[in-house]
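The values are calculated or read from the model by the stated rules, or taken from the named source; none is laboratory data. Computed from a prediction, not measured in an experiment: that's the story for all the values here. Every residue, glycine among them, receives a Cβ derived from its backbone with ideal geometry; neighbour counts consider all protein chains shown.
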Amino acid sequence: MSNKPSADTSEGFSAFDRTTSFWGPITLGLGLLISLAAALYAAFGTGLGVTPLELITAVGAVLATFGIIAVIEPVSYFPILGRSAMYQAFLIGNIANKLLPAAIVAQANLGEKPGTRRAELIAGSAIIGAVLVHITTLILLVGVLGTWLVGMLPAPLIATARTYILPAIFGAVLLQSVLAMKSRRTTIVAVVVAAAIVFLAVPLAPSLTYFATALAVILTIAISWFARVKTAPPTVTHAEETSAPDAAATN
Amino acid sequence: MVHEAVDPGSKDITPLIHHPVLWAGAIGVFAVVILQSVIYFRAIRKAAPAADLTPAQVTGSVRSGAVAAIGPSLAVALIAVSLLPLFGTPAVLTRIGLVGSAAFDVAAAGISAGTQGAQLGGPTYTQKIFAIAFAAMTIGGLVWMLTALILTPILSKGGAKLRKVNPAVMAIVPTAALLGAFFTLSFQEVLKSPVHLVTMLASAAAMGVCLLLAHRLRLPWLREWGLGASIIVALACAYFMTSAA
């Protein structure tokens, strides 16, 4: 990402690179360790009798479904974010819907395009601004007001929210992903594969239930790959890379 | 908080979802994010002259980032509040608010509950199911962080080479993985009950209306609010259907 800075500016940048390549991984790693500790405590420290095998099975089912996306997404964000902001983005989350728009607006205000060192610093500043607003809203609206609000709501309403939250989220996410992906071929493959697995394969072989999603992911990837348009290989621009894992899924 | 009330089979998940250790974890993650922002801000200010940025331009960029984040942050907060009854405040603050996202974490929690033959939120949703779901969605989410940690230095050195390997892979694999996962998860929900089916259709319809209005009336903020609004509309439908029956 370096633009071959001249001698006097390279000093300023190398200090920045030293700081962020040291503290970036440390803070991201700290966030990772704290999350891991809380997760392991919830499973094993609370005396609920969760066995390691039960947790491994659950994690295995999650990773079999989302593991590939979890590896590909950071790779596709790298060209837009640049090295230093990668450590910010994957600690903070909500990348596609919050951090990228914030960075792009700030860069546009100063007439800068992604890819330069100047743009990298502007993006870093914008992300800091976004974090300030985000943390404040979370603490006030969710931590304080939300917890109070949920305590005030009548029990049947809470029960409904708990029981039907999954379809309430998936309906919107599904439509949004289909529209964001703009890939009719892959959408058709996904619908057919998912329907075949959920409505045919699982009723016939109930032991598949645990890994139905993972199986669907692998089959959809394989079939979409072989059914791709081979005559005109898609040229991946930066914009398309973001819109691919964008919106619906993660972060 | 009453963590002595922990009981694996208990359907009252309140003691566990507000466990002091989960609160400590949430506060820890918030503290790390703030620490990182402070370190980065100081580093950026120092490097700014080398990039032809005045201190005023740096502050201005922080401000534009903050303003741009108001809409998305409120939208995320709305989604987070609707998930509070299911996961509790500390888990929602860290998983949905920071680090993770609603779509991945809820899907991961549902998949984890499934490995125990249980469903989120329903009568089979016990303290033990919450513990497994929370642990599995957190550990699953760590893969993103781990990938970013490992691949960022590698990509900074030879990123261009790695991405040139095969652009078709980068274009097809994430799309296929995502659509395959969410269609399967959605179809599984549809099978649970007619109310689940209608709730999902209501959610998709509400999202459709939001996206259409956003496009037609050029209201980009409606795009960000789409998910939050759709969840509220869909849950309202579910409530009226179940209370009418």
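Every residue, every condition in (1) more than 21 Å from the chain's Cα centre (by Cα); (2) facing chain A (nearest Cβ under 8 Å); (3) surrounded by 14 or more Cβ atoms within 10 Å (Cβ to Cβ); (4) not in a helix (DSSP H, G or I), yes or no:
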{"position": "B:206", "(1), (2), (3), (4)": "no, yes, yes, no"}
{"position": "B:213", "(1), (2), (3), (4)": "yes, no, yes, no"}
{"position": "B:229", "(1), (2), (3), (4)": "no, no, yes, no"}
{"position": "B:241", "(1), (2), (3), (4)": "yes, no, yes, no"}
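Out of all the residues in the stretch A:183-214, which are surrounded by fewer than 17 Cβ atoms within 10 Å (Cβ to Cβ) and at pLDDT below 80?
A:206, A:207, A:208
Given the condition facing another protein chain (nearest Cβ under 7 Å) and modelled with pLDDT of 80 or more, answer yes or no: does some residue in the stretch B:67-75 qualify?
No, the stretch B:67-75 contains no residue that is facing another protein chain (nearest Cβ under 7 Å) and modelled with pLDDT of 80 or more.
If I ask for residues that are more than 8 Å from chain A (Cβ to nearest Cβ), in contact (Cβ under 8 Å) with a residue 24 or more places away in the chain and not in a helix (DSSP H, G or I), which ones from the stretch B:83-118 would you list?
Hit for the stretch B:83-118 is B:88, nothing else.
Working only within the stretch B:34-61, note down all residues that are crowded, with 21+ Cβ neighbours inside 10 Å and assigned to a helix (DSSP H, G or I).
If the condition is that a residue be crowded, with 21+ Cβ neighbours inside 10 Å and assigned to a helix (DSSP H, G or I), then B:36, B:37, B:40, B:43, B:44, B:47, B:48, B:50, B:51, B:58, B:61 are the ones that fit.
Among the residues of the stretch A:160-189, which ones are assigned to a helix (DSSP H, G or I), at the interface with another protein chain (Cβ under 7 Å from one of its Cβ atoms) and of a type in the set (Gly, Ala, Ser)?
If the condition is that a residue be assigned to a helix (DSSP H, G or I), at the interface with another protein chain (Cβ under 7 Å from one of its Cβ atoms) and of a type in the set (Gly, Ala, Ser), then A:161, A:168, A:171, A:172, A:177 are the ones that fit.
Could you figure out which of (1) within 30 Å of residue B:222 (Cα to Cα); (2) free of Cβ contacts under 8 Å to residues at least 40 places away in the same chain; (3) not acidic (Asp, Glu) isn't true of residue A:93?
Only one criterion in (1) within 30 Å of residue B:222 (Cα to Cα); (2) free of Cβ contacts under 8 Å to residues at least 40 places away in the same chain; (3) not acidic (Asp, Glu) is unmet by residue A:93, namely (2).
For the stretch B:18-31, name all the residues that are in contact with a Gly (Cβ under 6 Å, 6 or more places away or on another chain) and surrounded by 22 or more Cβ atoms within 10 Å (Cβ to Cβ).
B:29
Could you tell me which numbered condition residue A:123 fails, if it satisfies all but one of (1) more than 7 Å from chain B (Cβ to nearest Cβ); (2) surrounded by fewer than 22 Cβ atoms within 10 Å (Cβ to Cβ)?
Exception for residue A:123: condition (2).
Can you name the condition, by its number, that residue B:31 falls short on among (1) at pLDDT below 85; (2) under 21 Å from the mean Cα position of the chain (by Cα)?
So residue B:31 meets the others, but not (1).
Anything in the stretch B:119-134 that is more than 16 Å from the chain's Cα centre (by Cα), more than 7 Å from chain A (Cβ to nearest Cβ) and buried (at least 24 other Cβ atoms within 10 Å of the Cβ)? List them, or say none.
The answer is B:129, B:130.
Of all residues in the stretch A:29-44, count the ones that are more than 19 Å from residue A:91 (Cα to Cα) and in contact (Cβ under 8 Å) with a residue 60 or more places away in the chain.
0
Need pairs with beta-carbon distance below 8 Å; first residue modelled with pLDDT of 90 or more and within the stretch B:41-55, second aromatic (Phe, Trp, Tyr) and buried (at least 21 other Cβ atoms within 10 Å of the Cβ); sequence gap 6+ or separate chains.
Every condition considered, the pairs that remain are B:43/A:16; B:44/A:16.
For the stretch A:42-67, which residues satisfy the criterion of being over 26 Å from residue B:182 (Cα atoms), surrounded by 21 or more Cβ atoms within 10 Å (Cβ to Cβ) and at pLDDT 85 or above?
None - no residue of the stretch A:42-67 is over 26 Å from residue B:182 (Cα atoms), surrounded by 21 or more Cβ atoms within 10 Å (Cβ to Cβ) and at pLDDT 85 or above, so the list stays empty.
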